Amino acid sequence: MQRKRVSYAKWGYIFAAPFMIAFLVFTLYPLITTLIYGFTNYKGMNPPPLEILDEPFKMYKTVLTDKVFLPALKNTFVIWGVNFIPQILLALVLAVWFTSTRRKIKGQGFFKVVLYMPNIITAATIAILFRALFQYPKGPVNDLLMSWGVIESAFDFSVSGTAARCIVAFIQFWQWYGYTMIVLISGILGISPELFEAAEIDGATGFQQFWYVTLPNLKSIMLFTLVTSMIGGLNMFDIPRLYLNGGPNNATKTAALYIYEQAFGNSYRYNRASAASMIMFIIIAILAALVFYMLRDKDEAKLNKIIRQQEKEYKRKMKEQKLQGGGN
Amino acid sequence: MRHGIRAKIGTTGIYIVCIFLALLSIFPFYIMIVNATRSTYEIQSTAISLIPSTHIIDNWGVFDGKKFDPIKGFLHSMLVSTGATILAVYFSTLTAYAVVVYDWKLKNAFFTFVMCVLMIPAQLTTIGFYKMMYSWGWVNSFAPLIIPAIAAPSMVFFMRQYMIPALSLEIVQSARIDGAGEFYIFNRIAMPIMKPAIATQAIFTFVNSWNQLFMPLILLRQDKYTMPCMVSLLNNDFYKTEYGAVYLGLFLTVLPLFVVYFALSKYIIAGVALGSVKG
């Protein structure tokens, strides 16, 4: 005798509905309209009725050939790279030091709290703070460098494109290496201690342990850090905007800043900004997919496949049993 | 013996590097705080001082009648961040609950979808979003900064990871036998179990929302500015000659964050470590 069971499936739909509705309305719909606007005549303070342009890809062509977008894209990558490479290296070194069982570094709690601190402070504030610190001719950094004898007379950091780019990259680095360090520490602590013990027994040096045990086991976490940092970096806006507003001479103009200026900086070129947004979207999607593909664990992928097959098999068997049970 | 000495020197070197980095983190903020109390004249004669001065009230006076209003910015940011945090935390837990507890046909498809959209940066949909808000008449209101928080894919992911081991389906089942309704079970049984995860996610969402500049700058006019938008006003030409006031303004905008951070730093650091394990 089988009692009729209540199905709770509908509650799954009910509970997931607010998320789904909010996502469709506030993310998916704007994404689709942004895509469409890139092909239209949508611009000006009082935009004309929407029409697809005779030459639909005109805005894309304009964006890709204008004098600002591609250099801005290049700046974005350069600034991100100059910040990310030292960031991940320093974070890795610190993470290895802090987790070393031989050295037992004291005061880790304090160091973690202090090194992570810049990360939670408003980027907008930090940008303007650094602007004040690098003030010319009298500013804290200039004073410091002069009193140490590094430079003879005050240096105007705001007119040199290279200096401006380096400072923006430095701020990014300074805000994020603490975060990356904590992420990597938790990654290292997640590696089975037996692996390290075995390496020790085999007489591996500290560096060999790092190279053959720590690093390979951190792969997926480093990948996660890389992808999230890259996506964040490609959307970099607050710091370049408030540090020198993209200057000098567009040296710190990023793609996000370009999009903002096209649409909201009194030029009302919504169609052009939409096209640029979509170009960024494509770049981010490709890079994310590529990095995931390159660094995905092949064994893991195989294992997942086997598990999925087994699950299917199991479900099929259950179904058969149920059918047989129903027959009795 | 020799090995021991070398290791000791190495360890000392590590402490030196760590202390240097710690100073690098603290120093800019220290200068900011000290200079907030110094007059523009003092700052111009020596930009770095380790000793505070007495001009904090004068510097505050500079803001009088200006658009930069840290108290207003604080209240606006409070409203936006609190609203967004409550919505994000409640609805993400609810969505995770739907995936963990119930068996529905589209469940796996839905979760795969959540994973795929995890990385769409909101910034890229801005033009469409702005146009929609404009046609709804939601420009210059806080709603567009709060309500979209209902859909937070990465938090759904996190909550699901936490919920699977934490919430046993037997508890849910026995509550049902006792005659509890589904919403009741979620609110009274699942939510309390999820408290630790909710707390960490709440801190991060709050800080994140508090620090947002892009969207508020696009959607809000000066009378509705949040804290980061207020900060951007300090870039104004007027403040080019008011160094002390700029430092004070910056200090006031980060003060709430300092308070939150030093009160909760232990949980925040643990939360960063926890959040990363998902990767």
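Do any trypsin sites (Lys or Arg not before Pro) in the range B:93-136 lie in a DSSP loop with no more than 10 other beta carbon atoms within 10 Å, and if so, which?
On the way: sites: B:Lys105, B:Lys107, B:Lys131; in loops: B:Lys105.
Within the range B:93-136, the qualifying trypsin sites (Lys or Arg not before Pro) (loop, at most 10 other Cβ atoms within 10 Å) are B:Lys105.
Within chain A, which is the longest segment that contains none of the chymotrypsin sites (Phe, Trp or Tyr not before Pro) sitting in a DSSP loop with at most 16 other Cβ atoms within 10 Å? Numbers along the way, then the final one.
Numbers: sites that count: A:Tyr8, A:Phe57, A:Trp148.
In short, A:149-328.
List the aspartates and glutamates whose Cα sits under 16 Å from the Cα of B:Lys67, skipping any in the same chain fewer than 8 residues away.
Here the aspartates and glutamates satisfying the reach criterion relative to B:Lys67 are B:Asp223, B:Asp237, B:Glu242.
Determine one quarter of the surface area of the Cα convex hull of the protein assembly as shown, which equals its mean projected area, and express it in nm² to one decimal.
Details: hull surface 141.1 nm².
If I average the Cα hull's projected area over directions, I get 35.3 nm².
If R0 is 41 Å, what FRET efficiency do you get for B:Met191 and A:Ser220 from their C-beta distance, rounded to 0.05? It would help to have the intermediate numbers written out before the result.
Details: r = 31 Å, r/R0 = 0.76.
About 0.85, to the nearest 0.05.
In sequence order, what are the phi-derived ³J(HN,Hα) couplings for the range A:81-97 according to the Karplus relation 6.51 cos²θ - 1.76 cosθ + 1.60 with θ = phi - 60°, rounded to whole Hz, with x for glycine and proline?
Values per residue, Gly and Pro as x: x, 4, 7, 6, 4, x, 4, 5, 5, 4, 4, 5, 4, 4, 4, 5, 4 Hz.
May I ask for the angle, rounded to the nearest 10°, between helix B:2-36 and the longest principal axis of chain B, with both axes built from Cα atoms and the value confined to 0 to 90°?
Taking the Cα atoms of chain B, the angle to B:2-36 is about 80 degrees.
From the phi angles alone, apply the Karplus equation (6.51, -1.76, 1.60; θ = phi - 60°) to the range A:131-146 and give each ³J(HN,Hα) in whole Hz, x where the residue is Gly or Pro.
Working through the residues one at a time gives 4, 5, 5, 9, 3, 10, x, 10, x, x, 5, 4, 4, 4, 4, 6 Hz.
Setting aside same-chain residues fewer than 8 positions from A:Lys10, which aspartates and glutamates have a Cα under 15 Å from its Cα?
B:Asp103, B:Glu182
Return the Rg/Rh ratio of the range B:210-279 with Cα-based radii and a Kirkwood Rh. Write down the numbers at each step before the final one.
On the way: Rg = 16.0 Å, Rh = 14.4 Å.
Taking Rg over the Kirkwood Rh, I get 1.11.
How large is the direction-averaged shadow of the alpha-carbon convex hull of the range B:2-58, in nm²? Each step should come with its number before you reach the end.
Numbers: hull surface 19.5 nm².
If I average the Cα hull's projected area over directions, I get 4.9 nm².
List, largest first, the extents of the alpha carbons of the range A:205-253 along their principal axes, each in whole Å.
Principal-axis extents of the Cα atoms in the range A:205-253, largest first: 49, 20, 13 Å.
Among A:Pro86, A:Pro137, A:Pro71, whose mean-square fluctuation peaks in a Gaussian network model of chain A (Cα, cutoff 10 Å)?
Per the Cα network of chain A with a 10 Å cutoff, A:Pro137 tops the list.
Under a 10 Å cutoff between Cα atoms, tell me which one of A:Lys58, A:Lys106, A:Lys74 has the largest fluctuation in the Gaussian network model of chain A.
A:Lys106
When chain A is modelled as a GNM with alpha-carbon springs shorter than 10 Å, which of A:Ile191, A:Ile201, A:Ile120 fluctuates the most?
With Cα springs under 10 Å in chain A, the top fluctuation among A:Ile191, A:Ile201, A:Ile120 is at A:Ile201.
Relative to the longest principal axis of the C-alpha atoms of chain B, give the angle of the C-alpha long axis of helix B:195-211, reported between 0 and 90° and rounded to the nearest 10°.
The answer is roughly 40 degrees.
What's the exposure ranking of B:Cys116, B:Cys229, A:Cys166, going from fewest to most Cβ atoms within 10 Å?
Lowest count first: B:Cys116, A:Cys166, B:Cys229.
For a quick check: with amide H placed at 1.01 Å from N, whose amide H comes under 5 Å from A:Thr40's, ignoring anything fewer than 5 positions away on the same chain?
Result for A:Thr40 returns A:Leu53.
Taking 37 °C and 0.692 mPa s as the conditions, I'd like the Stokes-Einstein D for chain A in µm²/s, using the Kirkwood hydrodynamic radius from alpha carbon pairs. Intermediate results must be reported in sequence, preceding the final value.
Numbers: Rh = 24.6 Å.
So the translational diffusion coefficient is about 134 µm²/s.
Just in the range B:183-260: which trypsin sites (Lys or Arg not before Pro) are loop by DSSP and have at most 15 other Cβ atoms within 10 Å? Mind showing how you got there, number by number?
Numbers: sites: B:Arg188, B:Arg221, B:Lys224, B:Lys240; in loops: B:Arg221.
Hits after loop and neighbour filter: B:Arg221.
Excluding residues on the same chain fewer than 8 positions from A:Lys43, give the lysines whose Cα lies under 16 Å from its Cα.
A:Lys58, B:Lys131
Just from its helices, what would the mean residue ellipticity at 222 nm be for the protein assembly as shown, if runs of 4 or more DSSP H residues each count -39500 (n - 2.57) and the sum is divided by every residue, rounded to the nearest 500 deg cm²/dmol? Don't jump to the answer; show the numbers that get you there.
Numbers: 29 runs with 422 residues, N = 607.
Taking each H run of at least 4 residues, the total per residue is -22500 deg cm²/dmol.
Find the percent of Cα-Cα distances in the range B:32-118 that exceed 23 Å, and round it to a whole number.
Numbers: 2168 of 3741 pairs.
Percent of Cα pairs beyond 23 Å in the range B:32-118: 58.
Got a sec? How would A:Val159, B:Val100 order by Cβ neighbour count within 10 Å, fewest to most? Walk me through the intermediate numbers first.
Numbers: A:Val159 14, B:Val100 21.
With the sparsest Cβ surroundings first, the list reads A:Val159, B:Val100.
In 10 Å bins starting at zero, report the fraction of Cα pairs in chain B per bin as a rounded %.
For chain B, the pair-distance distribution reads 6, 21, 24, 22, 16, 9, 3, 0.
Can you list residues whose amide H is under 5 Å from A:Gln135's amide H, if they're 5+ apart or on another chain and H is modeled 1.01 Å from N?
Placed amide hydrogens put A:Val141 under 5 Å from A:Gln135.
Whole-Hz Karplus ³J(HN,Hα) for the range B:241-257, in order, using 6.51 cos²θ - 1.76 cosθ + 1.60 and θ = phi - 60°, x for Gly and Pro?
Each residue's phi maps through the Karplus curve to give 10, 10, 4, x, 5, 4, 4, 5, x, 4, 4, 5, 6, 9, 3, x, 5 Hz.
Can you give the alpha-carbon Rg of the range B:70-233 over 2.2 N^0.38 Å, where N counts its residues?
Numbers: Rg = 18.1 Å, N = 164, 2.2 N^0.38 = 15.3 Å.
Here the Cα radius of gyration is 1.19 times the empirical estimate.
Every read-out reported here was derived from the displayed coordinates using simple, explicitly stated rules and does not represent laboratory data. The structure presented is a predicted model; accordingly, all values stated were derived computationally and were not measured. Ideal geometry is used to build each Cβ from the backbone, glycine not excepted, and the neighbour counts take in all protein chains shown.
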